[in-house]
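The values are calculated or read from the model by the stated rules, or taken from the named source; none is laboratory data. Computed from a predicted structure; not experimentally measured. Neighbour counts run over all protein chains shown; Cβ positions are idealised from the backbone, glycine included.
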Amino acid sequence: MDASGLLVLVVYYTQIDVNLVIMPDYNHDIDEFDEDYKSKSEIKREMLALQDFAYKLVKLSKAERAKVPFTEELLEALVLADKIKNKPEALRRHVRFMSKVLLETDMDPINHALDVMANKHQQDTTKFHLLEVKRDALIANGNAEIESTLDEYPAMERQKLRQLVRQASKEVKADAKGKYYKELFAYIKQFTQ
């Protein structure tokens with residue numbers, strides 16, 4: 001083969017490579033209506049949300065962290081985050097790492113534990129309200145309610161409960177809710193917790 005034939009061959013292969021690069025492959029185009037497709041902006045928003053969540057986890061106290069079921073890798077990351085809290089740039093990089101770890105972690109148990117901690121006050125308020133309803137039902141319904149309460153909480157003393165209900169109902173009738181009204185509430189609370 002002479003030099004001119006070799007030159008033609010090189011030019012021919014170069015044109016083929018150029019054509020292959022330029023021609024789009026329609027089989028691999030991204031369908032914008034594909035449900036699994038995420039835009040770059042959406043991926044960034046998700047990562048920023050995970051970073052905010054990681055910052056929230058870093059800010060938890062050790063007592064609060066003990067209530068949350070973290071993976072071993074997340075626990076190690078939180079210990080390291082505690083060590084570098086006073087170094088903002090290092091903490092920022094570490095939080096980015098934590099967000100990548102969170103991306104691979106099952107978030108349901110962590111979110112559930114955080115929700116329980118956040119709603120503790122609301123749960124206490126609900127329990128308090130239910131105790132008030134129980135006390136008012138005892139005062140209003142008398143013996144029938146006392147019997148059902150004793151069936152529900154067998155550890156309660158029948159005589160003491162009857163005495164407290166009788167005294168509290170006298171106070172309610174006199175429109176002077178006082179000592180026994182509060183004592184009945186405390187007695188019910190003692191057995192319901």
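Data table
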read-out	value
Test: ALA137 is of a type in the set (A, V, I, L, M, F, W, C) and either free of Cβ contacts under 8 Å to residues at least 24 places away in the same chain or over 16 Å from LEU50 (Cα atoms) (or both)	yes
Restricting region 22-61 to residues that are modelled with pLDDT of 65 or more and β-branched (Val, Ile, Thr), the residue that is surrounded by the fewest Cβ atoms within 10 Å (Cβ to Cβ)	ILE43
Near pairs, Cβ below 6 angstrom, 6+ apart or cross-chain, from region 86-114 (farther than 15 Å from GLU46 by Cβ) to any residue that is in a helix (DSSP H, G or I)	HIS94/ALA81
Filtered residue count, region 69-86, keeping only those that are in a loop (DSSP other than H, G, I, E, B) and under 16 Å from the mean Cα position of the chain (by Cα)	3
